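Take a look at the structure set out below.
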Amino acid sequence: MTFLELGVSKDLSKGLKEMGISIPTKIQERAIPVLMNSQTDFIGKAQTGTGKTAAFGIPILSQIDPSKKHTQALILAPTRELGQQIAKQLFKFTKYTDKIFTESVYGGEKIEIQLSRLKRPTHIVVATPGRLIDLMSRKAIDISKIKTLVMDEADEMLSMGFKKDLTTILSKTKGDRNVWLFSATMPASLNEIINSYVSNDAIRITVDKDDAVNKGIEHQFVVGDEVNKLDTLIYFLKTQKEGRGIVFTKTKAAARTLHKQLKAKNYEVGLLEGEMTQKDRDKVMRAFRNKTLQLLVSTDVAARGIDVANLAFVLHYQLPDQMEYYTHRSGRTARAGKKGISLALVTKSEVKVIRDLEKELGIRFNQIR
């Protein structure tokens, strides 16, 4: 299948091709024709890293009327990083089309800057829920005429405490608009929102876990004692030479400790964890993207929305609590058709978790001795 065969315009397809996106993923293949050709509410269940941005972004861009200056679509995202990433992707998709203006708004940046940017014509707003409500209360954004409201990573928005904000936003857009909801999991709290604000006739699409798992990733594990983990990690990093990657921990404390230990061994390493200020997180991500840093130590919460090209590996210093997080972590490598390694450092008692992951995700782990 090509994007042209899915009904995507030549100009949009050209922009995608230039970004190295030429073969639609499963979610894109199934969502794009439906969303482009029918006025419908939509619920898509798919893991992070399966190409959701293009799955909803291309239909939205196809429906925007550039000659009308008002806001026609609203995309809600849980974190600043993901919001910025979505806005950047939409901008790149439209390289060869008529000018479509997207504005990204989020907490952690001076609201005055965003107020002045929103005075320009804005067709699409990408927002974190809290900041959007601030801007709406200042009458800086009018969402009354939007045709489409997208909730990306809806489960994550709820787990971050945005439920009240979401219901406020949704209740202000009732009427002639479509809600497209994308989520990796469907917790009960999300069903409440779906039952209240999404049409009963919504089209539902689930992309199987098997389809979501990236075939370019080689999954590996090493069994050892907790005390030897640092040595194993150092040994692995030596085999990687120039390769860049992310090392994941489960807790903030573990991330901070490991960051210190690696710095002491002269590694160019950055730290990402949930309690850091937005300014510090941006600084670290900039250095990592510019390749000044070879490594990033990160917790799961901080990793949402990280999109860095050409990462050679992901290393699980501690296994995550939830299975979804394993897919989300490992999906940071082997992007855009490249190969990558996902290596887990486990103790004897955790080998069972590796076997569960194999069963659940339909993947095969190789043990490295």
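The values are calculated or read from the model by the stated rules, or taken from the named source; none is laboratory data. Since we're looking at a predicted model, the values are computed, not measured. Glycine also receives a Cβ, built like all others from the backbone with ideal geometry; neighbour counts cover every protein chain displayed.
Going residue by residue through region 44-54, is there one that turns out to be touching a residue at least 60 places away in the same chain (Cβ under 8 Å), surrounded by fewer than 21 Cβ atoms within 10 Å (Cβ to Cβ) and within 19 Å of the chain's Cα centre (by Cα)?
Within region 44-54 (the criterion being touching a residue at least 60 places away in the same chain (Cβ under 8 Å), surrounded by fewer than 21 Cβ atoms within 10 Å (Cβ to Cβ) and within 19 Å of the chain's Cα centre (by Cα)), the answer is yes, since at least one residue qualifies.
Considering only region 77-87, I want to know if a residue exists there that is more than 22 Å from Thr173 (Cα to Cα), of a type in the set (A, V, I, L, M), within 17 Å of the chain's Cα centre (by Cα) and surrounded by 15 or more Cβ atoms within 10 Å (Cβ to Cβ).
yes
So is Asn266 part of a loop (DSSP other than H, G, I, E, B) and either within 20 Å of the chain's Cα centre (by Cα) or at pLDDT 95 or above (or both) or not?
Judged against the criteria, Asn266 is not a match.
Of these, Val227, Val284, Val301, Val247, which one is under 23 Å from Lys52 (Cα atoms), β-branched (Val, Ile, Thr), out of contact with any Pro (no Cβ under 7 Å at 6 or more places or on another chain) and assigned by TED's automatic domain parsing to the domain that holds Ser349?
Result of the check over Val227, Val284, Val301, Val247: Val301.
So how many residues does region 78-94 have that are of a type in the set (Gly, Ala, Ser) and at pLDDT below 95?
1
Of the residues that sit in region 322-352 and are under 18 Å from the mean Cα position of the chain (by Cα) and among the aliphatic types (A, V, I, L, M), which one is farthest from Lys229 (Cα to Cα)?
Once the filter is applied, the top-ranked residue is Ala336.
If you check Val227 against the conditions, is it surrounded by 15 or more Cβ atoms within 10 Å (Cβ to Cβ), at pLDDT below 95 and farther than 28 Å from Lys164 by Cα?
The answer is no for Val227.
Kindly list the number of the only condition in (1) within 23 Å of Ile234 (Cβ to Cβ); (2) touching a Pro at 6+ places or on another chain (Cβ under 9 Å); (3) not hydroxyl-bearing (Ser, Thr, Tyr) that fails for His328.
(1)
Could you say whether any residue in region 230-246 is more than 23 Å from Ala309 (Cβ to Cβ) and either among the β-branched types (Val, Ile, Thr) or in contact with a Gly (Cβ under 8 Å, 6 or more places away or on another chain) (or both)?
yes
Output the residues belonging to region 17-38 that are surrounded by fewer than 20 Cβ atoms within 10 Å (Cβ to Cβ), out of contact with any strand residue (DSSP E or B) (no Cβ under 6 Å at 6 or more places or on another chain) and not charged (D, E, K, R).
Residues satisfying the conditions are Met19, Gly20, Ser22, Ile23, Pro33, Met36, Asn37, Ser38.
Among the residues of region 89-99, how many are touching a strand residue (DSSP E or B) at 6+ places or on another chain (Cβ under 7 Å) and in a loop (DSSP other than H, G, I, E, B)?
Of the residues in that region, 0 qualify.
From the list Lys99, Lys92, which residue is under 14 Å from Pro66 (Cβ atoms), basic (Lys, Arg) and touching a residue at least 24 places away in the same chain (Cβ under 8 Å)?
The conditions single out Lys99.
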